[in-house]
Amino acid sequence: QVQLVESGGGSVQAGGSLRLSCAASGITLSKYAVGWYRQPPGKQREFVALSTSSGTTDYADSVKGRFSISRDNAKNTVYLQMTSLKPEDTAVYYCVATGSASPYWGQGTQVTVSS
């Protein structure tokens, strides 16, 4: 059974930092493209960051220069380091692993940034 579990969310003040983790079981994340998405309150889910299996990364314009995606293959975990957080970063953050089969989504972790 495949599971992706996000952790590391919480409440911070604007300008603060958080590191989200996406830990996988049942699959080897190094073989998958792994992305982070977020869903702000009352809005649709949106792309945040991507790390491909070959090491390429991509970011939404809104987070470029502030967020960084990385992998620890030994821990089968992908991270999202978030710095200079803004109130508009408030959302539920999800990780997704994409391969040849249907994508696998985590359950999400809440990030709340207060001004």
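The values are calculated or read from the model by the stated rules, or taken from the named source; none is laboratory data. Computed from a predicted structure; not experimentally measured. In this analysis, Cβ positions are derived from the backbone assuming ideal geometry, glycine residues included, and neighbour counts consider all displayed protein chains. All accessible areas refer to the heavy atoms of the entire protein, side chains included, with ligands and DNA or RNA removed. Shrake-Rupley method; radii C 1.70, N 1.55, O 1.52, S 1.80 Å.
Worth a mention:
- Simple spin-label estimate for residue 114 and residue 2 gives 3.8 nm between the two label positions (7 Å along the Cα-to-Cβ direction from each Cα).
- Taking a straight line from the alpha carbon of residue 43, these lysines sit under 18 Å away, with near neighbours fewer than eight places off in the same chain left out: 86.
- Choice from 96, 63, 78 with maximal GNM fluctuation in the chain (Cα, 10 Å cutoff): 63
- Legend: calculated FRET efficiency, residue 14 to residue 58, from the Cβ-Cβ distance at R0 = 30 Å, rounded to 0.05, equals 0.75.
- Peptide packing for 37-47, 84-94 was compared via the average number of neighbouring C-beta atoms within 10 Å per residue; ordered from the highest value, the list is 84-94, 37-47.
- Divide the volume of the convex hull around the Cα atoms of the chain by the residue count and you get 95 Å³ per residue.
- Cα pair distances in the range 1-48, grouped into 10 Å bins until the bin that holds the longest one, percent each: 19, 45, 30, 7
- Computed label-point distance, nm, for sites residue 100 and residue 46 using a 7 Å Cα→Cβ extension: 3.5 nm
- Nitroxide proxy distance, nm - points 7 Å out along Cα→Cβ at residue 30 and residue 66: 3.3 nm
- Charge sum, other residues only, whose C-beta stays under 10 Å from residue 108's C-beta, Lys/Arg counted +1 and Asp/Glu -1: +1
- Accessible surface ranking that places the most exposed of 105, 36 first, with a 1.4 angstrom probe: 105, 36
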